[in-house]
Amino acid sequence: MADGHQHAAAEAFDAIGAGYETAFAGSAAHHASLDRLLGQLAPGSRVLDVGSGTGRPTAHTLAAAGHDVLGIDVSPVMVELASRRVAGASFRCADIREVPLEEESFDAVCVYFSLLQMSRDEQRTLVHRLAGALRPGGRLVLATVPLDVEGVSTVFMGQEVRVTSFGPEGFRALATGAGLTVVSEDDAVFTPDCPGAVPEPHLYLDCRR
Ligand SMILES: C[S@@+](CC[C@H](N)C(=O)[O-])C[C@H]1O[C@@H](n2cnc3c(N)ncnc32)[C@H](O)[C@@H]1O
């Protein structure tokens with residue numbers, strides 16, 4: 001399983017741990033995105049949270065609203081934190097690229113900032129598989145830092161990471177190329193609550209299968 005990319009993501013987020021939530025969970029745009037998703041879900045919907053981190057705000061918000069949430073994260077530390085912090089959801093430690101996904105088995109899938117340590121081909125393949133795991137009419141939320149970068153080394157919250165992303169056009173194409181319709185999008189600028197942070201662009205796409 002562990003190629004260099006995957007191992008690096010697990011190591012980096014194991015080290016970052018709860019500090020990620022302190023820095024990012026206050027994002028108004030992230031909460032607004034969750035509110036939009038909640039408005040689309042029938043009671044008791046089955047939701048997959050890809051790269052679930054500490055479980056807050058995503059899994060926590062959805063589980064508190066009565067939905068059946070499965071979070072998957074490659075970082076054992078994140079899975080441990082989420083399991084303790086979000087009582088009403090299930091969490092599993094795995095590399096999402098290797099998790100078999102049953103066709104049409106979820107009402108919604110969330111991907112908040114969890115593609116950034118994958119290559120572009122891996123991101124395309126994964127989003128395609130996630131679209132297939134949605135029931136027809138189901139919702140996929142995709143959020144990223146919309147920069148046209150590939151394999152760029154940077155220091156993120158004290159950890160050396162390699163980042164790959166798409167600019168806004170390329171990110172929309174990631175969704176439409178998987179057969180999804182982009183229903184709405186939100187551009188935001190967010191400054192994480194951590195030392196040395198600078199404002200960063202965030203792009204949220206609300207997509208429908
Ligand atoms: C930037 S954090 C975002 C966490 C959460 N989605 C949020 O927005 O609060 C990215 C998360 O994705 C996880 N991740 C990265 N690559 C992954 C992979 N291949 N499979 C599963 N999780 C992964 C990381 O461990 C990390 O917890």
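Read-outs: derived from the displayed coordinates by stated rules, not from any lab. The model shown is predicted, which means the values in this text are computed figures rather than measured ones. With ideal geometry, Cβ positions are generated from the backbone for all residues, glycine too; neighbour counts draw on all protein chains shown.
What percentages make up the Cα-Cα pair-distance distribution of region 138-186 when the bins are 5 Å wide from 0? Here the calculated profile for region 138-186 is 5, 19, 24, 20, 14, 11, 7, 1.
Shown for LEU205, LEU147: other C-beta atoms within 10 Å of each C-beta, ranked fewest to most, produce the order LEU147, LEU205.
Just checking the listed ones, ALA94, ALA18, ALA197: in the Gaussian network model of the chain with Cα springs under 10 Å, the one fluctuating most is ALA197. Our summary of shape: the Cα atoms of the chain have principal axis extents of 41, 37, 35 Å, ordered from largest down, in whole angstrom. Add +1 for every Lys or Arg and -1 for every Asp or Glu among the other residues with Cβ under 9 Å from the Cβ of HIS67, and state the total. Cβ neighbours under 9 Å give a net charge of -1.
Remark: HIS60, HIS31, HIS202 ranked as HIS31, HIS202, HIS60, counting other beta-carbon atoms within 10 Å and listing the fewest first. With contacts taken as Cα pairs under 8 Å and at least 6 residues apart, the chain reaches a relative contact order of 20 percent.
The mean sequence separation of alpha-carbon pairs under 8 Å and at least six residues apart, normalised by the residue count of region 22-84, gives a relative contact order of 33 percent.
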